[in-house]
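K.L.:
Below: one structure in structure tokens.
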Amino acid sequence: EAEVAQSPRYKITEKSQAVAFWCDPISGHATLYWYRQILGQGPELLVQFQDESVVDDSQLPKDRFSAERLKGVDSTLKIQPAELGDSAMYLCASTWTGAYEQYFGPGTRLTVT
Amino acid sequence: DQQVKQNSPSLSVQEGRISILNCDYTNSMFDYFLWYKKYPAEGPTFLISISSIKDKNEDGRFTVFLNKSAKHLSLHIVPSQPGDSAVYFCAAKALNSGYALNFGKGTSLLVTP
């Protein structure tokens, strides 16, 4: 069964350092999402891509976060510089264009010290 | 502003009994609702969904009920099994607001033998 791949699974970094997460969606899924999930909360959308274009990044803290999906397939989310409050699970999800059900990857657990 | 609310952080049910997980929402523009299940160290997995034009959807042991007038939905699991122990998230999509999902904080279900 096809799955969304994410790496790394765990990342520990010091504050003020740069960190990057990678996501490879299910083949054929043109829509890709990055969510952040803080412990005890539900996932919150950071950015949505349709192919290589950003559809919604209104909740992305653009002073430190950036996201790209250059060829419309895999995607990278970057934080620079990382802050203590960025400690969370970062989830990637993908789906077919126009579909409502999203398929999530296992996530990257980020700890900022 | 939490638009999707799961007011019970946890629920414990005996194996074989019915589990009922509740979800309330405030945004009248939500037109599609989904339930996700999440095991530790894994991403959320899609479970079942319902359109706002319906009041019930059933898939095996899982049934979702929607009461639009009360802005309330519930997930019924019958019979409950120990493998159902997980965190359950209610999510909603708003009409004319793209396809991003608004998630509740989740309810942790424990099914005891």
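The values are calculated or read from the model by the stated rules, or taken from the named source; none is laboratory data. As the structure is a prediction and not an experimental result, all values here were calculated from the model. A quick note on method: Cβ atoms are made from the backbone with ideal geometry, for glycine too, and the neighbour counts reach across all protein chains shown. The area values use the complete protein model at the heavy-atom level, side chains included, leaving out ligands, DNA and RNA. Shrake-Rupley method; radii C 1.70, N 1.55, O 1.52, S 1.80 Å.
K.L.:
Out of everything in region A:32-53 that is outside any strand (DSSP E or B) and more than 12 Å from chain B (Cβ to nearest Cβ), what residue ends up being nearest to residue A:14 (Cα to Cα)?
P.N.:
It comes out as A:52.
K.L.:
Scan (1) crowded, with 16+ Cβ neighbours inside 10 Å; (2) over 26 Å from residue B:41 (Cβ atoms); (3) not charged (D, E, K, R) for the single condition residue A:79 breaks and write down its number.
P.N.:
So the condition that residue A:79 fails would be (2).
K.L.:
Considering region B:41-54 alone, what residues qualify as being open to solvent by 50 Å² or more (accessible area, probe 1.4 Å) and within 14 Å of the chain's Cα centre (by Cα)?
P.N.:
The answer is B:45, B:46.
K.L.:
What number of residues in region A:54-110 are within 14 Å of chain B (Cβ to nearest Cβ), assigned to a strand (DSSP E or B) and among the polar types (S, T, N, Q)?
P.N.:
Within region A:54-110, residues that are within 14 Å of chain B (Cβ to nearest Cβ), assigned to a strand (DSSP E or B) and among the polar types (S, T, N, Q) number 3.
K.L.:
Among the residues of region A:52-72, are any open to solvent by 50 Å² or more (accessible area, probe 1.4 Å) and within 22 Å of residue B:38 (Cβ to Cβ)?
P.N.:
Yes - at least one qualifying residue is present in region A:52-72.
K.L.:
Whether any residue in region B:17-33 is away from chain A (no Cβ under 14 Å) and within 28 Å of residue A:106 (Cβ to Cβ) is what I want to check.
P.N.:
Yes, there is a match, as at least one residue in region B:17-33 is away from chain A (no Cβ under 14 Å) and within 28 Å of residue A:106 (Cβ to Cβ).
K.L.:
Right, next: Kindly indicate whether residue B:78 is of a type in the set (A, V, I, L, M) and open to solvent by less than 60 Å² (accessible area, probe 1.4 Å).
P.N.:
no
K.L.:
Give the residue, chosen from B:96, B:27, that is exposed (fewer than 13 other Cβ atoms within 10 Å of the Cβ) and touching a residue at least 60 places away in the same chain (Cβ under 8 Å).
P.N.:
B:96
K.L.:
Can you name every residue in region B:77-102 that is farther than 19 Å from residue A:94 by Cβ, modelled with pLDDT of 95 or more and either within 16 Å of the chain's Cα centre (by Cα) or in a strand (DSSP E or B) (or both)?
P.N.:
Listed by number, the residues that qualify are B:77, B:78, B:80, B:84, B:85, B:86, B:87, B:88, B:90, B:92.
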